[in-house]
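The values are calculated or read from the model by the stated rules, or taken from the named source; none is laboratory data. Treat the numbers as computed from the prediction; the structure is a model and nothing was measured. FYI the Cβ positions are ideal-geometry reconstructions off the backbone, even for glycines, and counts take in every protein chain you see.
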Amino acid sequence: MTERDLPGMSFNEALDQKLAQAKWSRREFLGRVAAFGAAAALTQLLIACGQGGASPTAVPATTGPSPQGTTTAEATATPAPTPVPTPEKELFVYNWDAYIGEDTVAKFQDKYGIKVTYDNFVDESSQIGKIQSDGKGGGYDIHYPASTWVQSFITDGLIQKIDHSLIPNLKNLNAAWQSPDYDPGNAYSVPNFWWTTGYAWDPRDISGNLTSWAELWDPSRKNKMSMLDDLRECFAAGAFRLGLSPNTTDLAELDKILQLLEQQKPLLRFYTATDQITDMVNEVVEMAHCWSGDWVQMTYDKPRLKYVIPSEGSIRGNDVMVISSGAPHPIAAHLWIDFNLDGDVSAASTNYIGYMGPNDAALPKIDDYIKNDPRLNPPKEVLAELIELAYLKPDDLAHYTDRWNALQA
Amino acid sequence: MTAAATPADVESARGASRESAGTRSAAAATSVLVLPGVAWLGVFFLVPLAIMAVVSVGAVDSAGHITLANPSLRNYSHALDPEFIPALLRSIYYAAATTLLSLAIGYPVAYWISRYGGRHKVALLILVMLPFWTSYLIRTYAWVMILRDNGVLNSVLLDSGVIDEPIPILNTDVSVILGMTYGFLPYAILPLFVSIDRLDYSMVQAARDLYASGRGAFIHVTLPLTMPGLVAAGLLTFIPALGDFVTPSVLGGAQTTTIAKLVQTIFTAGRDWPYGSALGFLLMGVTIVGTLVALRSLRREVMGASA
């Protein structure tokens with residue numbers, strides 16, 4: 001794995017790395033590639049590649065732990081020291097596009113002799129849609145939802161309890177992550193990577209050290225700012241400015257936030273969840289509401305760009321590894337989680353994609369440029385101020401959606 | 001619906017019964033030919049539509065699942081909320097502007113290909129359809145590169161000294177209408193071409209022989225006779241343009257939200273399929289009524305011309 005800013009990289013290497021590190025490119029892979037100026041043909045090729053691979057929904061019928069399968073698994077021998085149940089020979093994983101170490105899948109296959117079918121999705125709606133399609137995980141063993149989905153997945157019976165005895169590497173998790181609010185005791189999920197929300201700006205156009213959300217309401221930057229096309233994130237930004245909770249369900253508070261967002265809208269060039277990176281790089285806007293990973297990618301093309309986690313407080317998010325209730329290969333799935341919690345494996349992923357996880361064993365092996373950047377690895381005091389977006393009940397979410405639509409219309 | 005059933009249906013029913021008397025066996029034989037089409041539309045259009053109709057009277061329960069426990073028209077009354085009106089009007093404005101521009105640009109092109117294309121007609125038509133060889137999304141992103149502040153267009157204007165400051169074109173009404181017109185132009189040109197190409201040019205010559213000016217012959221002969229093509233081209237442009245959300249989301253900005261984008265938000269971020277379906281049906285209703293009005297005015301137009 002080459003260092004990210006080695007000057008001697010070939011175009012292909014550079015492109016590969018960009019895509020690999022593009023956590024949010026998974027959101028709109030197409031747009032990103034096109035905007036990077038890659039030829040249309042390349043885009044189509046990449047789409048074709050992305051769509052390759054076995055269809056997981058078709059497979060569970062043909063596989064399953066048949067007696068024959070288990071004997072062969074024993075023969076090929078997994079080097080399990082403790083009396084671990086024999087793992088199945090296959091595993092179906094569903095994750096964001098380009099959101100894992102370069103050779104994590106290959107190394108897992110080599111170590112356990114388990115064939116991994118690794119499928120990608122580019123946005124959350126397609127992910128959730130597929131997982132919910134059959135009420136038990138769409139044929140996948142492992143998938144990676146945002147932590148905010150965990151409670152509803154438990155209620156719906158979409159995911160199964162995790163057998164902690166099969167995952168000794170859980171001890172690698174930082175103490176603060178041993179029992180997160182969204183899933184006490186990590187009973188159904190294991191934290192993967194995390195990020196923050198803030199905004200990026202171009203110091204060429206804007207001097208000074210910005211810290212407040214209010215900067216995104218500055219009328220002197222009319223038509224030079226963008227907000228995320230994400231109703232929860234926008235309402236959170238407004239809530240922080242007003243000193244309210246980003247998870248409020250109080251209608252009067254929501255109306256106040258809406259008022260604030262309505263003041264901001266005429267100043268904005270656009271709302272986008274896909275183009276914030278390219279438009280900062282191409283100087284279409286000089287300030288953009290974005291996720292920490294977006295900023296990391298912006299700096300690959302424009303190192304001068306800055307990012308801040310606003311002082312009024314902001315959003316912290318993380319995703320988790322879960323095992324589907326209908327997982328055809330539950331033992332292999334536990335091995336997968338354990339493998340990804342290994343310090344070396346987790347650090348290799350972080351160094352490749354630029355996102356940190358709550359893995360203490362990985363910390364010494366994470367590249368300094370990630371580890372030492374307070375914007376990517378915030379100190380405890382800052383972290384304590386960050387709030388996670390909570391799952392909203394349909395009725396509450398509808399109040400957000402209605403106001404968001406009124407704002408957009 | 002009753003209004004729509006009056007003259008048109010009666011007329012077509014009368015026509016059908018007259019025809020079936022003579023050519024019943026032929027009709028039976030040819031009806032086999034439409035079976036694949038009917039089956040295709042039935043499975044992939046009507047069934048999903050029926051599912052949507054059922055979902056639209058449902059609700060989302062506390063676990064986020066669609067429930068039909070208490071079917072009601074609540075979603076429809078919710079969808080009539082005036083908050084959508086600005087976005088709806090904007091969508092209609094974009095679609096209308098796109099249609100007018102497409103017809104204004106497309107008619108001369110189709111006319112020229114038909115009248116002066118000669119033996120190159122097929123090649124010229126292929127050129128019109130050439131953009132379809134590449135994904136629409138990619139072509140729209142190409143417009144981003146052309147229109148953005150430091151893009152091709154602004155660079156050319158700056159370098160040639162026409163402007164001193166880049167003019168913001170991207171993320172405005174202009175970029176949305178421009179992008180949609182670009183995208184829908186081929187859909188306008190093709191039906192226009194068919195209708196112009198079918199025009200018997202001796203009619204125009206007859207008009208000229210009877211001392212009609214060039215403009216007079218065009219207005220009183222060519223235009224009325226190609227009106228069906230104009231209406232078809234207009235509908236083929238207007239209806240998809242009204243529902244287009246790719247172009248406004250790629251080329252548009254914070255001030256250009258269309259109704260299609262709001263429907264999409266309700267389905268995805270809002271996770272409220274029943275509400276989204278109801279809004280979708282209302283939009284479909286608006287479109288159908290608009291189409292019927294357009295078709296009826298066409299019939300009047302054509303009958304007026306032939307009378």
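Quick notes on this structure:
- Test result for residue A:238, in contact with a Lys or Arg (Cβ under 9 Å, 6 or more places away or on another chain), within 27 Å of residue A:401 (Cα to Cα) and either free of Cβ contacts under 8 Å to residues at least 12 places away in the same chain or part of a helix (DSSP H, G or I) (or both): yes
- Positions within region B:61-92 being touching a residue at least 12 places away in the same chain (Cβ under 8 Å), hydroxyl-bearing (Ser, Thr, Tyr) and more than 19 Å from residue B:285 (Cβ to Cβ), in sequence order: none
- Single residue of B:89, B:103 found to be within 14 Å of chain A (Cβ to nearest Cβ) and within 19 Å of the chain's Cα centre (by Cα): B:89
- Of all the listed residues (B:77, B:102, B:114, B:72), the sole one being within 22 Å of residue A:402 (Cβ to Cβ) and in a helix (DSSP H, G or I) is B:77.
- Some residue of region A:150-158 being on the phi > 0 side of the Ramachandran plot, away from chain B (no Cβ under 14 Å) and not aromatic (Phe, Trp, Tyr): no
- Test: residue in region A:270-286 that is surrounded by fewer than 24 Cβ atoms within 10 Å (Cβ to Cβ) and either basic (Lys, Arg) or more than 27 Å from the chain's Cα centre (by Cα) (or both): no
- Within region A:329-338, the presence of at least one residue that is crowded, with 21+ Cβ neighbours inside 10 Å, assigned to a loop (DSSP other than H, G, I, E, B) and in the same structural domain as residue A:147 (by TED's automatic domain parsing) is confirmed.
- Per-region count, region A:264-293, residues part of a loop (DSSP other than H, G, I, E, B), more than 9 Å from chain B (Cβ to nearest Cβ) and of a type in the set (A, V, I, L, M, F, W, C): 2
- Taking region B:95-123 as the range and being without any contact (Cβ under 8 Å) to a residue 60 or more places away in the chain and crowded, with 19+ Cβ neighbours inside 10 Å as the test, no residue passes.
- Filter pass, residue B:150 being under 23 Å from the mean Cα position of the chain (by Cα), within 14 Å of another protein chain (Cβ to nearest Cβ) and part of a loop (DSSP other than H, G, I, E, B): no
- When each of B:128, B:144 is tested for being surrounded by 15 or more Cβ atoms within 10 Å (Cβ to Cβ) and within 11 Å of another protein chain (Cβ to nearest Cβ), the lone residue that passes is B:144.
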